[in-house]
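Beneath this line is the structure, given in structure tokens, with notes to follow.
The values are calculated or read from the model by the stated rules, or taken from the named source; none is laboratory data. As the structure is a prediction and not an experimental result, all values here were calculated from the model. When we count neighbours, we look across all protein chains shown, and the Cβ atoms used for this are built from the backbone with ideal geometry, even at glycine. With ligands, DNA and RNA removed, areas are computed over all heavy atoms of the protein, side chains included. Shrake-Rupley method; radii C 1.70, N 1.55, O 1.52, S 1.80 Å.
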Amino acid sequence: MFCKATLLTVALALLASATPIAREPTNATSVRIPLQKRGSLKNEDGTFNHDQAVREIVKMKNKHRQNLINLANNLGSDALPEGAEIKPLATVPRSLEKRGAVKLTDQEQDLEWTGTVSIGTPAQSFTIDFDTGSSDLWVPSSSCSSCKGHKTYNPSKSSTSSKKSGSFEISYGDGSTASGTPYTDSVTVGGVKVTGQYLAAVTKESSEFTQDPADGLLGLGYPAISSLGHNPFFFTAVQDNAVSDGVFSFKLGQSGSELFVGGTNKDLYTGSIESHKLSSSKGYWQIGGASVTINGKTAASGFDTVIDSGSTIMTAPSQAAKAFWGKVSGSRVYDDEQGLYSFPCDSAPEIAFSWGGKSWTISSDDFNLGETEQGSGECVGALSGGDLGLGSTTWLLGDTFMKNVYTVFSVDDNSVGFAELA
């Protein structure tokens, strides 16, 4: 899709995955961006929203499928992680397609975390989903006839906008796509402003995204998995010395949720940050040497984990999930096709992850996605089984885990860290 010269930026950024970035001190800043919760996997009566969960799982599978395609396109198929495989496009079951799209509802139950991003001169503001599991910034274009209900980007009204060659396209589980045109423009996240940032102005949106409460998405992953083949926003900010530190951090919770760009917010955590070097230089925020316990007993160990703020349900490879749930008393298969399991609501397991240091426990409220139906006494667990194509020893930990820790992502040190919430 892109010429070798275009991909020079990606190659340079990948060198940073082996060598921490050294930058000259500047007057750059650090800023906090308040985040809002949008939507839910629980219905108002506390039951599990199965239809919405299936759509989220399909969307997650196809996001990481696209990441692997981007990685192969940008760096060659030899760059795929060991054991990784580009799977066929996941699709929403026909039974759900016939019911039509399920609208997201703002029940403040942690399905999606959004904040404000400004693009262009003068600024055009958007509600954006911040995603560490992807690497592109895209928003609806003013020429998009299917982008109903969303704010749109009009490049002709920005004096700093520049149209670029190439194209942008992502496939979704309903068989449709989001596609558009690359541009560069000034982008401001909180008080951090960069110029010449690559973004996609989407001219055609999937029906799934027309239902989404966010206008678009800002990827915080590494350049190697970018569809646009250029530095994501935060890497541009680091390169341009627009931030004090090459670090961003998340607090996701019932209140005071925020993305902090350019460092950490010491008011939101206590103690020290336990940091872990990335185990892969393939584009993901991926750390190895993980283990998980159930009620204090080790259930699995020696696996890698991708920390993904853009996913809600945690996912383990199918066989690993089966083994995990086999150690949860009273568990049973709830949806075999989607890898979902249930457990007795009155005896929720205590789940904790560790990377050789502290054990980080997931609250029972976060692990419980809701009752299978009112009065059933069976609740759906937030760990599913599914093959994302990332390899047989790689698990994905999303918001269900991140809500229980303060999470720190360092481009300077190529690491992910965790701290106790204040």
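Residue by residue through the range 136-152, note down the ones that are open to solvent by less than 30 Å² (accessible area, probe 1.4 Å) and part of a loop (DSSP other than H, G, I, E, B).
D136, C144, C147, H150 - these are the residues of the range 136-152 that are open to solvent by less than 30 Å² (accessible area, probe 1.4 Å) and part of a loop (DSSP other than H, G, I, E, B).
From the list S329, S311, exactly one residue is within 24 Å of E373 (Cα to Cα), open to solvent by less than 10 Å² (accessible area, probe 1.4 Å) and part of a loop (DSSP other than H, G, I, E, B). Which is it?
The unique qualifying residue is S311.
Could you tell me which of the residues A323, A422 is open to solvent by 10 Å² or more (accessible area, probe 1.4 Å) and modelled with pLDDT under 95?
So the residue among A323, A422 that is open to solvent by 10 Å² or more (accessible area, probe 1.4 Å) and modelled with pLDDT under 95 is A422.
If you scan the range 292-308, which residues turn out to be over 19 Å from D366 (Cα atoms) and open to solvent by 60 Å² or more (accessible area, probe 1.4 Å)?
K297, T298, S301, G302
Quick check on G133: is it touching a residue at least 60 places away in the same chain (Cβ under 8 Å), assigned to a loop (DSSP other than H, G, I, E, B) and under 13 Å from L199 (Cβ atoms)?
For G133, the condition - touching a residue at least 60 places away in the same chain (Cβ under 8 Å), assigned to a loop (DSSP other than H, G, I, E, B) and under 13 Å from L199 (Cβ atoms) - is not met.
Taking the range 80-100 as the region of interest, how many residues are assigned to a helix (DSSP H, G or I) and either modelled with pLDDT of 85 or more or under 20 Å from L396 (Cα atoms) (or both)? Steps first, answer last, please.
Of the residues in the range 80-100, the ones assigned to a helix (DSSP H, G or I) are 94-97.
Next, from what is left, pick out any that are either modelled with pLDDT of 85 or more or under 20 Å from L396 (Cα atoms) (or both): none.
Total meeting the criteria: 0.
Within the range 332-386, can you find the residues that are over 24 Å from the mean Cα position of the chain (by Cα), in contact (Cβ under 8 Å) with a residue 24 or more places away in the chain and outside any loop (DSSP other than H, G, I, E, B)?
R332, Y334, S342, F343, P344, C345, D346, E371, E378, C379
Across the range 178-194, what is the total count of residues that are open to solvent by 30 Å² or more (accessible area, probe 1.4 Å) and either modelled with pLDDT of 95 or more or assigned to a strand (DSSP E or B) (or both)?
First, the residues of the range 178-194 that are open to solvent by 30 Å² or more (accessible area, probe 1.4 Å): 181, 183, 188, 190-191, 193.
Next, only the ones that are either modelled with pLDDT of 95 or more or assigned to a strand (DSSP E or B) (or both) stay: 181, 183, 188, 193.
Residues that pass the stated criteria total 4.
Going through the range 360-386 one residue at a time, which ones are under 21 Å from G296 (Cα atoms) and either surrounded by fewer than 14 Cβ atoms within 10 Å (Cβ to Cβ) or among the aromatic types (F, W, Y) (or both)?
Selection gives W360, S363, D365, F367.
Of all strands (runs of 3 or more DSSP E) completely enclosed by the range 247-289, which ones contain at least 3 residues that are open to solvent by less than 60 Å² (accessible area, probe 1.4 Å), over 26 Å from A316 (Cβ atoms) and not assigned by the TED database to the domain that holds D308?
Result: 258-261.
Residues in the range 215-232: is at least one more than 23 Å from the chain's Cα centre (by Cα), at pLDDT 95 or above and either open to solvent by 10 Å² or more (accessible area, probe 1.4 Å) or among the acidic types (D, E) (or both)? Write out each step before concluding.
Initial filter on the range 215-232 (more than 23 Å from the chain's Cα centre (by Cα)): none.
Within the range 215-232 (the criterion being more than 23 Å from the chain's Cα centre (by Cα), at pLDDT 95 or above and either open to solvent by 10 Å² or more (accessible area, probe 1.4 Å) or among the acidic types (D, E) (or both)), the answer is no, since none of the residues qualifies.
Filter the range 387-402 down to the residues that are open to solvent by 10 Å² or more (accessible area, probe 1.4 Å) and either part of a strand (DSSP E or B) or at pLDDT 95 or above (or both), then identify the one that is farthest from L68 (Cα to Cα). Please lay out each step first, then the result.
Taking the range 387-402 first, the residues open to solvent by 10 Å² or more (accessible area, probe 1.4 Å) are 387-388, 390-394.
Checking which are either part of a strand (DSSP E or B) or at pLDDT 95 or above (or both) leaves us with 393-394.
On the way: T393: 16, T394: 14 Å.
This residue is T393.
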